[in-house]
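The values are calculated or read from the model by the stated rules, or taken from the named source; none is laboratory data. These numbers were taken from a predicted model, which means no experiment stands behind them. Reconstructed Cβ throughout: ideal geometry from the backbone, glycine too, with neighbour counts over all protein chains shown. Accessible surface is based on the protein model in full, side chains and every heavy atom, while ligands, DNA and RNA are left aside. Shrake-Rupley method; radii C 1.70, N 1.55, O 1.52, S 1.80 Å.
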Amino acid sequence: MKILLNNSDLNEALYDVSNLGFVPTMGSLHKGHISLIKKSLKECEKTIVSIFVNPTQFNNKYDYKKYPKNIKKDLSILHKQKVNFVYLPKKEDVYYYKRKTPIKISKDNLILCAKFRKGHFEGVLDVMDRFTKIIKPQKIYMGEKDFQQLYLVKKYIYNKYKSKIISCKTVRNKNKFALSSRNILLNKTELLKAGNIAKDLISFKKKLSNKKNLKMILSNKKKELINLYKIKVDYLELRSISNLKSSNKLKNSKLFFAYYINKIRLIDNF
């Protein structure tokens, strides 16, 4: 496993790699990341994993400062997985040039997390654009837990690069809670609550049917979740998986959910 600390190391290491898989991460690796890595290792000649906590995608300074970091543990995990390359860039390696025209999310896409996290996806698209330009991977592996992120990145990369975005299923723990680096910030009681919420919504989705009053049903469910679990909810919405437009049909749609347990913001889709 080669550790690449700057762009010079990166260019030298990847000079003659023809089938490269890329797994972008912000560290604090878990089984969800490992599933992406294993898929890349299986499908590509070489695999590179980046660890970079991207400052431009945080609209909340508290969130950025509190984002969990454990580079020693991460490198140990990557070594065991027999990853070929680990890219550990500094900010100046990624943001080595200034954009003439800032990336902007269209008004149609100012929904779900984009509505509540101003500038977040602009930051995500910016860093993914830079990474794709620097690394030039054939395939980029991303999880479906961050479905809106996956949708926007896939659309952006498709229009600009030859790299292909590979969607990977959400990995859940035994309590059905979607694995996330932020889970480290939750105590045992909070993790149990998050698991109960996930199981509640999985069961709720299975019982849903194509009714005319679906929006009212979702609104009532949102109120129920707030009262039952004592949480703050940003949204609970049913949207099409093809274009993220609001939907009243269950087929080819997902239930999107964002909420807070204390100050920790969590997202999921079912």
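Condition check ((1) in contact with a strand residue (DSSP E or B) (Cβ under 9 Å, 6 or more places away or on another chain); (2) under 22 Å from Ser209 (Cβ atoms); (3) of a type in the set (D, E, K, R); (4) open to solvent by less than 70 Å² (accessible area, probe 1.4 Å)) across all residues:
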{"position": "Ile231", "(1), (2), (3), (4)": "yes, no, no, yes"}
{"position": "Leu236", "(1), (2), (3), (4)": "yes, yes, no, yes"}
{"position": "Arg239", "(1), (2), (3), (4)": "yes, yes, yes, yes"}
{"position": "Lys245", "(1), (2), (3), (4)": "yes, yes, yes, no"}
{"position": "Lys249", "(1), (2), (3), (4)": "yes, yes, yes, no"}
{"position": "Ser253", "(1), (2), (3), (4)": "yes, yes, no, yes"}
{"position": "Phe257", "(1), (2), (3), (4)": "yes, yes, no, yes"}
{"position": "Leu266", "(1), (2), (3), (4)": "yes, no, no, yes"}
Item to check | Qualifying strands (runs of 3 or more DSSP E) (wholly inside the range 70-175; at least 2 residues being open to solvent by less than 40 Å² (accessible area, probe 1.4 Å), acidic (Asp, Glu) and in contact with a strand residue (DSSP E or B) (Cβ under 9 Å, 6 or more places away or on another chain)) | outcome: none
Checklist entry - In the range 84-106, which residues are out of contact with any helix residue (DSSP H, G or I) (no Cβ under 8 Å at 6 or more places or on another chain) and closer than 13 Å to Asn54 by Cβ? => result Lys90
Checklist entry - Which ones in the range 186-243 are over 17 Å from Ile111 (Cβ atoms), part of a helix (DSSP H, G or I) and of a type in the set (D, E, K, R)? => result Lys188, Glu190, Lys193, Lys199, Asp200, Lys205, Lys206, Lys207, Lys221, Lys223, Glu224
Checklist outcome for this item: The condition of being out of contact with any helix residue (DSSP H, G or I) (no Cβ under 9 Å at 6 or more places or on another chain) and charged (D, E, K, R) holds, among Lys251, Lys245, only for Lys251
Checklist entry - Take the residues of the range 176-196 that are of a type in the set (A, V, I, L, M, F, W, C) and within 13 Å of the chain's Cα centre (by Cα): which is most open to solvent (accessible area, probe 1.4 Å)? => result Leu179
